[in-house]
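Asks: To start, I am sharing the structure in question, which I have written as C-alpha coordinates.
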Amino acid sequence: MTDLRLTLASTDRVLVDAIQVIQIYAEDGSGKFSLARGHADFFALLEPSVLSWREINGRQCFAAVNDAILYLESGHVQVLAREIVLGDHPHDLLGGVISARLRNQAEAEKAARATLAMEDAVRRRMHTLARHS
(Lines give C-alpha, C1' and ligand atoms only; values in the text may rest on other atoms or scores of the structure.)
Protein backbone atom coordinates (compact mmCIF):
# COMPACT_ATOMS: atom_id res chain seq x y z
CA MET A 1 0.00 0.00 0.00
CA THR A 2 1.24 3.50 -0.89
CA ASP A 3 2.19 5.92 1.85
CA LEU A 4 0.07 9.06 2.14
CA ARG A 5 1.93 12.31 1.43
CA LEU A 6 0.66 15.88 1.77
CA THR A 7 1.61 19.09 -0.02
CA LEU A 8 0.02 22.45 0.82
CA ALA A 9 0.63 25.35 -1.55
CA SER A 10 -0.77 28.85 -1.79
CA THR A 11 -0.55 31.04 -4.85
CA ASP A 12 2.90 32.28 -3.85
CA ARG A 13 4.62 29.50 -1.89
CA VAL A 14 4.71 25.87 -0.75
CA LEU A 15 3.99 25.63 2.97
CA VAL A 16 4.13 21.84 3.39
CA ASP A 17 6.14 19.83 0.88
CA ALA A 18 5.21 16.16 0.39
CA ILE A 19 5.42 15.17 4.05
CA GLN A 20 4.32 11.71 5.09
CA VAL A 21 1.03 11.69 7.03
CA ILE A 22 -1.31 9.13 8.57
CA GLN A 23 -4.63 10.86 7.91
CA ILE A 24 -6.04 14.14 6.54
CA TYR A 25 -9.31 15.78 7.58
CA ALA A 26 -11.02 18.35 5.35
CA GLU A 27 -14.40 19.88 4.52
CA ASP A 28 -16.15 20.40 1.20
CA GLY A 29 -19.69 21.45 0.29
CA SER A 30 -21.09 18.06 1.32
CA GLY A 31 -19.46 18.08 4.77
CA LYS A 32 -16.36 16.84 6.56
CA PHE A 33 -14.34 13.89 5.33
CA SER A 34 -11.03 12.15 5.94
CA LEU A 35 -8.42 10.55 3.73
CA ALA A 36 -6.07 7.78 4.78
CA ARG A 37 -3.47 5.54 3.19
CA GLY A 38 -4.97 3.42 0.43
CA HIS A 39 -7.80 5.85 -0.36
CA ALA A 40 -8.91 5.96 -3.99
CA ASP A 41 -7.92 8.96 -6.09
CA PHE A 42 -10.13 11.88 -5.10
CA PHE A 43 -10.89 15.53 -5.89
CA ALA A 44 -12.76 18.14 -3.81
CA LEU A 45 -13.40 21.88 -3.75
CA LEU A 46 -12.80 22.79 -0.12
CA GLU A 47 -14.95 25.16 1.87
CA PRO A 48 -13.15 27.92 3.78
CA SER A 49 -12.28 25.73 6.75
CA VAL A 50 -9.61 24.29 8.99
CA LEU A 51 -7.77 21.41 7.34
CA SER A 52 -5.97 19.05 9.71
CA TRP A 53 -3.60 16.13 9.38
CA ARG A 54 -1.73 13.72 11.60
CA GLU A 55 1.96 13.28 10.87
CA ILE A 56 3.60 9.87 11.17
CA ASN A 57 5.13 10.93 14.51
CA GLY A 58 1.57 11.46 15.86
CA ARG A 59 1.67 15.27 15.78
CA GLN A 60 -1.65 16.88 14.81
CA CYS A 61 -1.29 19.91 12.49
CA PHE A 62 -3.75 22.53 11.26
CA ALA A 63 -4.17 25.01 8.41
CA ALA A 64 -6.95 27.42 7.52
CA VAL A 65 -7.69 27.27 3.79
CA ASN A 66 -9.69 29.55 1.51
CA ASP A 67 -10.56 29.03 -2.17
CA ALA A 68 -8.89 25.62 -2.15
CA ILE A 69 -8.90 22.46 -4.17
CA LEU A 70 -7.77 19.11 -2.82
CA TYR A 71 -6.49 16.48 -5.20
CA LEU A 72 -5.43 12.96 -4.20
CA GLU A 73 -3.59 10.89 -6.77
CA SER A 74 -1.46 7.80 -6.13
CA GLY A 75 -1.18 8.51 -2.40
CA HIS A 76 -0.17 12.17 -2.77
CA VAL A 77 -2.67 14.75 -1.52
CA GLN A 78 -2.14 18.23 -2.90
CA VAL A 79 -4.05 21.18 -1.52
CA LEU A 80 -3.77 24.31 -3.63
CA ALA A 81 -5.37 27.45 -2.20
CA ARG A 82 -5.57 31.19 -2.63
CA GLU A 83 -4.94 31.52 1.11
CA ILE A 84 -3.41 29.11 3.61
CA VAL A 85 -2.53 29.93 7.21
CA LEU A 86 -0.76 27.35 9.35
CA GLY A 87 -1.53 27.20 13.06
CA ASP A 88 -0.98 25.14 16.19
CA HIS A 89 -4.63 24.92 17.22
CA PRO A 90 -7.87 25.02 15.20
CA HIS A 91 -9.40 27.64 17.50
CA ASP A 92 -6.58 30.02 16.55
CA LEU A 93 -7.57 29.67 12.89
CA LEU A 94 -11.37 29.83 13.14
CA GLY A 95 -11.55 33.64 13.05
CA GLY A 96 -9.76 33.67 9.72
CA VAL A 97 -12.02 30.93 8.36
CA ILE A 98 -15.15 32.83 9.38
CA SER A 99 -13.74 36.01 7.81
CA ALA A 100 -12.99 34.11 4.58
CA ARG A 101 -16.50 32.67 4.47
CA LEU A 102 -18.03 36.10 5.01
CA ARG A 103 -15.71 37.66 2.41
CA ASN A 104 -16.59 34.94 -0.13
CA GLN A 105 -20.28 35.43 0.57
CA ALA A 106 -19.95 39.22 0.15
CA GLU A 107 -18.06 38.76 -3.13
CA ALA A 108 -20.75 36.38 -4.43
CA GLU A 109 -23.50 38.81 -3.44
CA LYS A 110 -21.66 41.71 -5.10
CA ALA A 111 -21.29 39.69 -8.31
CA ALA A 112 -24.99 38.75 -8.21
CA ARG A 113 -25.99 42.41 -7.77
CA ALA A 114 -23.76 43.43 -10.68
CA THR A 115 -25.33 40.73 -12.87
CA LEU A 116 -28.85 41.86 -11.94
CA ALA A 117 -27.96 45.50 -12.66
CA MET A 118 -26.55 44.54 -16.06
CA GLU A 119 -29.64 42.47 -16.89
CA ASP A 120 -31.86 45.39 -15.88
CA ALA A 121 -29.85 47.79 -18.07
CA VAL A 122 -30.13 45.41 -21.05
CA ARG A 123 -33.91 45.06 -20.51
CA ARG A 124 -34.34 48.85 -20.37
CA ARG A 125 -32.24 49.31 -23.50
CA MET A 126 -34.19 46.61 -25.36
CA HIS A 127 -37.46 48.22 -24.25
CA THR A 128 -36.24 51.62 -25.51
CA LEU A 129 -35.15 50.14 -28.83
CA ALA A 130 -38.48 48.34 -29.22
CA ARG A 131 -40.38 51.61 -28.68
CA HIS A 132 -38.33 53.39 -31.35
CA SER A 133 -38.66 50.64 -33.96
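Asks: I need the strands (runs of 3 or more DSSP E) fully contained in region 1-95, keeping only those with at least 3 residues that are in contact (Cβ under 8 Å) with a residue 60 or more places away in the chain.
Replies: Once the strands (runs of 3 or more DSSP E) in region 1-95 are filtered for at least 3 residues that are in contact (Cβ under 8 Å) with a residue 60 or more places away in the chain, what remains is 4-10, 76-87.
Asks: Just name the residue that is surrounded by the most Cβ atoms within 10 Å (Cβ to Cβ) out of those in region 21-57 that are within 22 Å of LEU93 (Cβ to Cβ) and among the acidic types (Asp, Glu).
Replies: GLU47
Asks: Does ASN104 count as modelled with pLDDT under 90 and in a helix (DSSP H, G or I)?
Replies: Yes, satisfied.
Asks: Related question: Can you find, within region 1-20, the residue that is modelled with the highest pLDDT among those that are aliphatic (A, V, I, L, M) and more than 21 Å from LEU93 (Cα to Cα)?
Replies: Going through the qualifying residues, I end up with LEU4.
The values are calculated or read from the model by the stated rules, or taken from the named source; none is laboratory data. Keep in mind that what you see is a predicted model, and the values were worked out from it rather than measured. Every residue, glycine among them, receives a Cβ derived from its backbone with ideal geometry; neighbour counts consider all protein chains shown.
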